[in-house]
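Following: one structure in structure tokens, then a few remarks.
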Amino acid sequence: MPEPSAPEVAAARVRCALLSCSDKTGLVELGRGIRELGVELLASGNTARVLREAGLEVVEVSDYTGFPEMMGGRIKTLHPKVHGGILARRDEPGDRAAMDEHGIRPIDLVVVNLYPFEATVAREGVTREEAVEQIDIGGPTMVRAAAKNQDAVTVVVDPADYPELLEALRAGGGVVPESLRRRLARKAFLHTARYDAAIASYLTEEETTEEGPALPEALAVAAERVQTLRYGENPHQSAGLYGGFLEVARPFHGKELSYNNILDVDAALRLIVDFLDDPPTVGILKHNTPCGVGSADDLVTAWTGAFAGDPDSPFGGIVIANRPFDDTLAAEVDSIFTEVLVAPAFEPAALERLRKKKARRLLTFDPEALLRFSRSPVVRTVTGGFVCQSPDYAVEDVTAARVATRRKPTEEELRAMAFGWKVVKHVRSNAIVFARPGATLSVSGGGTSRVDPVHAAVAKAQRVGMDLRGSALASEAFFPFPDGVEAAARAGATAVVQPGGSLRDEDVVAAADGLGLAMVFTGVRHFRH
């Protein structure tokens, strides 16, 4: 039998609450609720003003400490009468004696949220001075002090927790149960950890190198869990979603996203960010990799191009568009089973049609938030630690790439190579894309040799009746031998774009010349492991 849980430690009744809130959401309702329970309100400048304007009796921190706010608001709550009241151990005689000697009263409830640093630095054109002024000092200090003294003090950092707090206070006669105090204290420490991590990240990003933003000397990863997922990749694994993903992609219809759904949507977002400024574009993905991408004058034509090269994989897959989903596209997509649809918006007629399938997930994405987060460092776990790198957001201009062969590519070949090159960086290495202007024809990736994906892509094209004659081949890394280029030429490709850089480049180029191919070197590879 399991051992009985330890009895809860009962804290004293809440008699004094300190409020200092940058975000005033729900503040008046909270203040009114705790005043009705006989709790004294102690608040810093603007928070006190809002409460007072709502007709609530409140003592301003500066009146309590005897020191005015100063230095442009930098000094408000940094005072022994504040922190002594939060940190004092109620059952420690020495602490009680110090409080009596210095006129410090116990503070039992601390309601604080911090200066909006993350929102400030996310604004276009924000200056360093503006960002630095939004680094909160007193707020995190009060939060950490209250969370440390959780046996006696309740700390709340999120307005979403106000209703539960009030309910607990009313039910407990002004006493907050230990289980809630513990949970709110954990949340408080996570809150300040994330806040400090955001500041450290911003200051690190100021440092730039030739490769892009500098990597942090110490990796600070702090993100709150925003959703508990049903399970992980498999039913026997637990999983949760953390951080700002839902600020970019917002589900609004269908079942909750699964762990695998989220990874697929992330891959779709990373693809579409490279096509935000392009003509109407549709990407179809399965298991984190594109199986078809099309761009055209309208979304339906783009979908048709994306679908044609691999009509099997879209079943149960992800579809993303860089324009609002219209009803014409919705009718096409609705004819097959698709797991998740993502777009900047959905037109009303499209929504009416797509919502009829309850299991299908619909999400909108915020292009501005996507652009912002797409420049964040990429962090992955490894056994015992992490690896971190700058994101691969480079998209090379294929028209400016070095022509390596005797024959120069035609304009149509250049357009086909450029399209394939934008897609192939999102396919698992070793990666190959056969393309025409505005559409992929066949995609293959994850091969353990450079030539295997070429054979796989050709075989897939033959199976679905896709003609590769006149196509361009994009390879995300160099060809170490001529065999991949030769296989592509036999399938009908007439042009190749690749990074170059192999010790056998001369042999590969000679083979291309012998086959009459045009080949360009971008000088940049796009491995995706």
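Which members of the stretch 208-240 meet the condition of being within 18 Å of the chain's Cα centre (by Cα), modelled with pLDDT under 75 and small (Gly, Ala, Ser)?
Once the filter is applied, which keeps residues that are within 18 Å of the chain's Cα centre (by Cα), modelled with pLDDT under 75 and small (Gly, Ala, Ser), the stretch 208-240 yields 220, 222, 223.
Can you name the residue in the stretch 389-414 that is at pLDDT 90 or above and within 32 Å of the chain's Cα centre (by Cα) and, of all such residues, is nearest to residue 493 (Cα to Cα)?
The selected residue is 398.
Does any residue of the stretch 43-50 turn out to be at pLDDT 80 or above, within 20 Å of residue 188 (Cα to Cα), hydrophobic (A, V, I, L, M, F, W, C) and in the same structural domain as residue 192 (by TED's automatic domain parsing)?
yes
Out of the residues in the stretch 80-129 that are among the hydrophobic types (A, V, I, L, M, F, W, C) and loosely packed, with under 14 Cβ neighbours inside 10 Å, state the one that is modelled with the highest pLDDT.
Among those that are among the hydrophobic types (A, V, I, L, M, F, W, C) and loosely packed, with under 14 Cβ neighbours inside 10 Å, it is 97.
Would you confirm, using the coordinates I've provided, whether residue 30 is part of a strand (DSSP E or B), touching a residue at least 40 places away in the same chain (Cβ under 8 Å) and surrounded by 15 or more Cβ atoms within 10 Å (Cβ to Cβ)?
The answer is no for residue 30.
Scan 223, 249, 239 and give me the residue that is free of Cβ contacts under 8 Å to residues at least 40 places away in the same chain and touching a Leu at 6+ places or on another chain (Cβ under 8 Å).
Sole residue among the options that is free of Cβ contacts under 8 Å to residues at least 40 places away in the same chain and touching a Leu at 6+ places or on another chain (Cβ under 8 Å): 239.
Go through (1) within 39 Å of the chain's Cα centre (by Cα); (2) more than 14 Å from residue 150 (Cβ to Cβ); (3) assigned to a helix (DSSP H, G or I) for residue 94 and report which single condition fails.
For residue 94, the exception is condition (1).
Every residue in the stretch 135-184 that is of a type in the set (Gly, Ala, Ser) and either modelled with pLDDT of 85 or more or out of contact with any helix residue (DSSP H, G or I) (no Cβ under 9 Å at 6 or more places or on another chain) (or both), please.
145, 146, 147, 152, 160, 168, 171, 172, 173, 174, 179
Which of the residues belonging to the stretch 504-529 are over 13 Å from residue 482 (Cβ atoms), out of contact with any Asp or Glu (no Cβ under 8 Å at 6 or more places or on another chain) and surrounded by fewer than 16 Cβ atoms within 10 Å (Cβ to Cβ)?
516, 529
Answer yes or no as to whether residue 342 is among the aliphatic types (A, V, I, L, M), outside any strand (DSSP E or B) and in contact with a strand residue (DSSP E or B) (Cβ under 8 Å, 6 or more places away or on another chain).
In short, no.
Please find, within the stretch 501-511, the residue that is nearest to residue 453 (Cα to Cα) out of those that are assigned to a helix (DSSP H, G or I) and either touching a Pro at 6+ places or on another chain (Cβ under 8 Å) or not assigned by TED's automatic domain parsing to the domain that holds residue 416 (or both).
508
Which of the residues that make up the stretch 110-122 are farther than 11 Å from residue 20 by Cβ and either touching a helix residue (DSSP H, G or I) at 6+ places or on another chain (Cβ under 8 Å) or not assigned by TED's automatic domain parsing to the domain that holds residue 83 (or both)?
117, 118, 120, 121, 122, listed by residue number.
Among residues belonging to the stretch 36-66 that are among the charged types (D, E, K, R) and surrounded by fewer than 17 Cβ atoms within 10 Å (Cβ to Cβ), point out the one that is nearest to residue 171 (Cα to Cα).
Taking the candidates together, the pick is 36.
Among (1) buried (at least 18 other Cβ atoms within 10 Å of the Cβ); (2) farther than 18 Å from residue 491 by Cα; (3) of a type outside the set (Asp, Glu); (4) touching a residue at least 24 places away in the same chain (Cβ under 8 Å), which single condition is residue 447 missing?
Status for residue 447: all satisfied but (4).
The values are calculated or read from the model by the stated rules, or taken from the named source; none is laboratory data. Please read these numbers as outputs of a predicted model, since none were measured by experiment. Glycine gets a Cβ as well: all are built from the backbone with ideal geometry, and neighbour counts include every protein chain shown.
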